[in-house]
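Once you've had a glance at the structure underneath, I'll fire off some questions.
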Amino acid sequence: MVQYFLLQSVVVPIVAAALCYLAAPRVGKRVGWLAFASLFFTTLVLVGTSWSQLFSGGPSISESYTWAPSAGLTFGFLADGLSFPVAILVNLVLAATAVYSMPYMQNRIKGLYGADRPGRYGIYYMNFLLVSAGLIGIVLSTNLIELYLFLELVLIPTFVIITLFGYVEKEKVGIIYIIWNQLGAFVFLAGIAMSYVATGSFDISSLGSAQTSNLAYWVAGLILVGWLLKMAVFGLHMWLPITEAEPPTSFAPTMAVVSGIGAYVIARLLFFGMPTTFHAFSLPLMAWAVLTMFYGGAVTLAQNDVKYLFAWSTMSQNAYSVLGLASASALGATGGVFYFGSHILGKFVMFAVAGILLTQTGFRDVKKMGGLAAKMPLTASLFVLGALILSAVPPTSGFQAEWIMFAGIFSQGAQGSSTYLLVAILGLIATLLTVAYTFWPVKRIFFGTLNSGLEEVKEAPLTMTLPVLALVVASILIGIYPDLVTKFLLGFANAFTGVAH
C-alpha cells in the first residue's frame, strides 16, 4: 500500500522542479522527460490508490497533517468523487504539456537568445512544475488557508514564465497577469476571513455552518467574485486574452487550467459547501454567464491571430461551467465541472496546434495561412478533432459534458420561473458561436490555396503531435464511456442532501 499518496501528488512535482533546475544545464530540453515522469507517476498513484474505491461508491480518501494547531490549522488532502476526476484530468493535461514543451521551448529559447541555452529549460520546467503542484493542491485541499497558499504558489511561477519566455511586451503582460490575479486572490482571502468570523474554522467542511450567520451572503459573495475574476467573466475579463496569447504557447494550455479551475473551486466551496446561500445568486449568475458566452464568442470570431483566437474562446467556455453551476441543479453542476475537464482537453489540443503552426510556419496570422492540410495532414486532423471536442460533437467528451449540463439547466428552468427558462435557451443558442469560432479557422488555415512562403512547411515532430493525439483519444474514450467521469461526479452530487436535483 502506497503511503501518503495524496501528499505525494503535490510533493513529487515540487521535488522534480528542483531536480529539473539542477539537471537542465547537462541534459538540456530532455529534462522535460523528468517533468513528465513526475506527473505521470502522481497520476498513476492517484489512479492506483483511489480509482476502485471511489468508482464503486466507497468512502472518500483523506489525509491530515499537523500544521499550526494553536491556530486551528491542519494541512489536509481529500480525494472524493468531486476532486478525484478533476485531479486526474488536470494531471493528464499537465503531463502532455511537459512532453509538448520540449520541442516548442527549444524553438522559443533559440528565438529569444539566438542559440540553445540548456539552463533555460531548467527555469521553465521548474516553474511549470511548481504551477502543476499548486493546481493539484488547489483541487485536493481541505482547508481554505491551504487552498489560498496553493493559489499563491500558482501565481508567482506563472508570472516568471510569462516574463521570461513570453512574446509581445512580455514584462507588461506578466504585470497585468499578477495584478488582476492577485486582486482575485485578495477578494477570495476576504471571503476566507469572513468565513472564519462566521464559523470559527478554516476547514472547507465548516462552510455549511456559515449559512446560518448574518455574514453568509458576504462569505459567498466575496468567494464568488474572487473566483469569477480569475475565470474572467464579462466585465472582469480584461486580463485574460493577452495573458493566454502572449506566454509561450506550450504554457497556454496550463493557463487555461489556471483560469478554468475556478469552476471546481466554486463547486466545492459554494455549490456543495453553501448550497442554500449560493442558490440566491443563481439567476443573476446565469444571466452573467450567458452574457459572457455571447460576448466572448463574438469577439473570438473577430480574431485573426491564431493564439488570440483560442485565448478569447477561453473566456466564453469558462462561462459554460459557470452557467451549469448557477443552475442550482446537481445535474447542471455535474455538467459544469465535467465541462471544465473536457474544455481543458480540447483547449490543450487547440493551443498545441497553434504552437505547431507558429513553430512550423513562423506565423500567427490566420490570413497568412491556407492550404496547410497538404503539408501537415496530422496537424490538420488534430485541429478538426479539437474543434469537435470544444463544439461538443459526439463521440467526444465535450458532447457528454454539455448535454448533462444543459439537461440540468433546462430541468431547473422547467421547474422555476420563465426567466430561468429564457436564460437557459439563450445559453443553448450561445453554443452556436462555439461551433462557428472553432470551425471557421479550419478552412482558412488548412484548406484552399497554399499561400506563398509555405511550400517548405512540414509536419511537426512526434514529441509535439503525439501528446495532442493522446488527449484526443482520452476525450473520445470519455465520450464513449462517460462513466469514467460521471460515475464520480454524479455519485458525489447525489450524495448531498439539500442540493436541488
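The values are calculated or read from the model by the stated rules, or taken from the named source; none is laboratory data. Computed from a predicted model, the values in this text were never measured in an experiment. FYI the Cβ positions are ideal-geometry reconstructions off the backbone, even for glycines, and counts take in every protein chain you see.
Just name the residue that is surrounded by the fewest Cβ atoms within 10 Å (Cβ to Cβ) out of those in the range 446-493 that are modelled with pLDDT under 90 and β-branched (Val, Ile, Thr).
My answer is THR449.
Still on this structure, I have one more. Do we have LEU388 as within 30 Å of GLY335 (Cα to Cα), in contact with a helix residue (DSSP H, G or I) (Cβ under 6 Å, 6 or more places away or on another chain) and crowded, with 18+ Cβ neighbours inside 10 Å here? Write out each step before concluding.
Numbers: within 30 Å of GLY335 (Cα to Cα): yes; in contact with a helix residue (DSSP H, G or I) (Cβ under 6 Å, 6 or more places away or on another chain): no; crowded, with 18+ Cβ neighbours inside 10 Å: yes.
So LEU388 fails the test.
Here's another thing I want to ask about it. Let me spell it out: the conditions are (1) surrounded by fewer than 16 Cβ atoms within 10 Å (Cβ to Cβ); (2) modelled with pLDDT of 90 or more; (3) farther than 26 Å from LEU301 by Cβ; (4) not charged (D, E, K, R), and SER418 meets all of them except one. Which number is the exception?
Here SER418 clears every test but (2).
Also: Check whether at least one residue in the range 262-272 is within 15 Å of the chain's Cα centre (by Cα), touching a residue at least 24 places away in the same chain (Cβ under 8 Å), buried (at least 20 other Cβ atoms within 10 Å of the Cβ) and closer than 14 Å to MET315 by Cβ, and report yes or no.
Looking through the range 262-272, at least one residue is within 15 Å of the chain's Cα centre (by Cα), touching a residue at least 24 places away in the same chain (Cβ under 8 Å), buried (at least 20 other Cβ atoms within 10 Å of the Cβ) and closer than 14 Å to MET315 by Cβ.
When you go through (1) outside any loop (DSSP other than H, G, I, E, B); (2) at pLDDT 90 or above one by one for TYR437, which number turns out not to apply?
Exception for TYR437: condition (2).
Any idea which residue in the range 73-125 is modelled with the highest pLDDT, counting only those that are among the hydroxyl-bearing types (Ser, Thr, Tyr) and in contact with a strand residue (DSSP E or B) (Cβ under 9 Å, 6 or more places away or on another chain)? Walk me through it before giving the result.
Quick first cut of the range 73-125, residues among the hydroxyl-bearing types (Ser, Thr, Tyr) only: 74, 83, 97, 100-101, 104, 113, 121, 124-125.
Subsequent filtering for residues that are in contact with a strand residue (DSSP E or B) (Cβ under 9 Å, 6 or more places away or on another chain) retains 74, 83.
On the way: THR74: 78, SER83: 95.
My answer is SER83.
Somewhere in the range 34-53, is a residue closer than 14 Å to ASN127 by Cα, aliphatic (A, V, I, L, M), assigned to a helix (DSSP H, G or I) and more than 22 Å from the chain's Cα centre (by Cα)?
Scanning the range 34-53, I find at least one residue that is closer than 14 Å to ASN127 by Cα, aliphatic (A, V, I, L, M), assigned to a helix (DSSP H, G or I) and more than 22 Å from the chain's Cα centre (by Cα), so the answer is yes.
For residues in the range 54-97 being free of Cβ contacts under 8 Å to residues at least 40 places away in the same chain and in a loop (DSSP other than H, G, I, E, B), which is nearest to the chain's Cα centre (by Cα)?
Once the filter is applied, the top-ranked residue is SER60.
Collect the residues in the range 391-411 that are farther than 17 Å from THR434 by Cα, touching a residue at least 40 places away in the same chain (Cβ under 8 Å) and either among the hydroxyl-bearing types (Ser, Thr, Tyr) or buried (at least 18 other Cβ atoms within 10 Å of the Cβ) (or both), keeping them in residue-number order.
ILE404, GLY408, ILE409, SER411 - these are the residues of the range 391-411 that are farther than 17 Å from THR434 by Cα, touching a residue at least 40 places away in the same chain (Cβ under 8 Å) and either among the hydroxyl-bearing types (Ser, Thr, Tyr) or buried (at least 18 other Cβ atoms within 10 Å of the Cβ) (or both).
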